[in-house]
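J.: Once you've had a glance at the structure underneath, I'll fire off some questions.
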Amino acid sequence: MHLGRLVLGAFLAVSLPASGARISTRIAHCPLDGAEARAYVQLSSNTLGGWDSDFAGYAVGGQWREYAITTCPQDYFTLYSEEFEAVRDEATLARLREVARQVRAEAPDPKVLETYDRYAIAARFYRALGRDEAFVGGLYLTASWIARDRAVGEYLGLEGPAAAREALRLGEAELAKELAPVDRKKVTYNLARVAERLGDPARRDRYLDAFAALPLDDAERAALARFRLMSGTVEPRFQDLAIAEYRAWLATPGRPPAEAARVTYLLADLLRRRGRPAEAAPLYRQVAADPASGDPIRELARTLLQGS
């Protein structure tokens, strides 16, 4: 992480559309009512935006997770695009139609649904298809990443929690200096973005409070309001849903060891991100001591334990 990004980089969080070079569109046919829906196809990707401790990865030019699911315009049928048009038997279609009926009675116009809410709808259809809690938890986790995307915008080069901690250390040193007002705003706001990606809600909110106390223009106030809504309300809602699914999945004995270790790690990290380090720590220790976790996850667990 270069300190110049903290000081000189653009600091208002923005949601960038996917580059036309990365995706294309196709017409998909809704399996329940035959209507047409727009689906996206990923052509290429990159990892230049880094990654976070809960495995959220970032590309430059837009995040594929914004486009990976397809929703029918009338009955709300929603799945990952590659599974959208699979042939299903009549009993399965009947279950899916019942879910569609329930969703249709509750949801707003599909045209105004946020992407993270469409992942929650997808979770209902996947549950009807028999997918387990770990899969459904992954949908909610992805929805939480989308809320985080909206909060922090495109912020390059954070390669995991160790890099985020180093960026915060450098940024704190910069704040201790005499800074021009515009640079103080940039550093403070960017530190909130780094703390959000690290998963340190208390520190994030301190930086946001400090930013709010500075003279702000209308665009800055709007960015601050969006940041607070996404990081303080929307993201935690989906994190809590993922926590419940992962707990339920882990409660069943005999899970494959490597997958159980991965889900245990994610559960620990979600609890930490929700400001519950005392619950997260024993799970991190469990993962760090379990050979089934694999070296990368074990090292992540140790790194995060050191900061708890």
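J.: Can you quote the Å³ per residue value for the convex hull of the Cα atoms in region 53-157, rounded to an integer?
T.: Convex hull volume per residue, Cα atoms: 109 Å³.
J.: Could you name the aspartates and glutamates whose alpha carbon sits less than 16 Å from that of residue 111, not counting residues in the same chain fewer than 8 places away?
T.: Within reach: 36, 66, 75.
J.: Return, for the Cα atoms of the chain, the radius of gyration and Dmax in Å, separated by a comma.
T.: 20.5, 69
J.: Here is a follow-up. With just the Cα atoms defining each centre, how far is region 32-110 from region 231-277? Give it in Å.
T.: 22
J.: Tell me, what is the FRET efficiency for residue 36 and residue 237 to the nearest 0.05, using R0 = 25 angstrom and their Cβ-Cβ distance as r?
T.: Calculated value: 0.20.
J.: Might you report the magnitude of the Cβ-based charge dipole of the chain about its Cα centre, with Lys and Arg at +1 and Asp and Glu at -1, to the nearest 20 debye?
T.: Computed about the Cα centre, the dipole is about 460 debye.
J.: Right, next: Normalise the Cα radius of gyration of region 210-262 by 2.2 N^0.38 Å (N = residues in it) and let me know the number.
T.: Normalised by 2.2 N^0.38 Å, the Cα Rg of region 210-262 equals 1.90.
J.: Can you give the accessible area per residue of the chain, in Å², using a 1.4 Å probe?
T.: On a per-residue basis, the chain sits at 45 Å².
J.: For region 176-230 and region 145-164, what is the centre-to-centre distance using only Cα atoms, to the nearest Å?
T.: What the calculation gives is 14 Å, centre to centre.
J.: Under a cut-off of 21 Å between alpha-carbon atoms, report the lysines in cross-link reach of residue 177, not counting same-chain residues fewer than 8 places apart.
T.: By straight Cα distance, residue 177 reaches 185, 186.
J.: Now for a different question. For region 166-272, what does the equivalent ellipsoid look like in terms of its semi-axes, each the square root of 5 times an eigenvalue of the Cα gyration tensor, given largest first in whole Å?
T.: 36, 16, 8
J.: Scan the chain and hand back the longest stretch that contains none of the GluC sites (Glu not before Pro) lying in DSSP loops with at most 16 other Cβ atoms within 10 Å.
T.: Free of exposed loop sites, the longest segment is 179-308.
J.: Follow-up question, since we're still on this one. With the convex hull built on the Cα atoms of region 181-240, state its orientation-averaged projected area in nm².
T.: For the Cα atoms of region 181-240, the hull's average projected area reads 3.8 nm².
J.: Above 10 Å lies some portion of the pair distances; for region 258-298, what is it as a whole percent of all C-alpha pairs?
T.: 62
J.: While we're here: Can you pull the percent of the chain's accessible area that's carbon plus sulfur, 1.4 Å probe, other chains left in place?
T.: In the chain, the share of accessible area belonging to carbon and sulfur is 56 percent.
J.: Counting only C-alpha contacts under 8 Å and six or more residues apart, can you give the relative contact order of region 200-308 as a whole percent?
T.: 22
J.: Moving to a separate point now. Below 8 Å between Cα atoms, with a sequence gap of 6+, how large is the relative contact order for the chain in percent?
T.: Reported relative contact order: 18 percent.
J.: Out of 162, 179, 231, whose Cα points farthest toward the positive end of the dipole of the chain (charges: +1 Lys, Arg; -1 Asp, Glu; placed on Cβ)?
T.: Ranked along the dipole, the leading option is 179.
The values are calculated or read from the model by the stated rules, or taken from the named source; none is laboratory data. Please read all numbers here as calculations on a predicted model, not as lab measurements. So basically every Cβ, Gly included, is an ideal-geometry build from the backbone, and we count neighbours across all protein chains shown. Just so you know, the surface numbers come from the protein's heavy atoms only, side chains and all, with ligands and any DNA or RNA stripped out. Shrake-Rupley method; radii C 1.70, N 1.55, O 1.52, S 1.80 Å.
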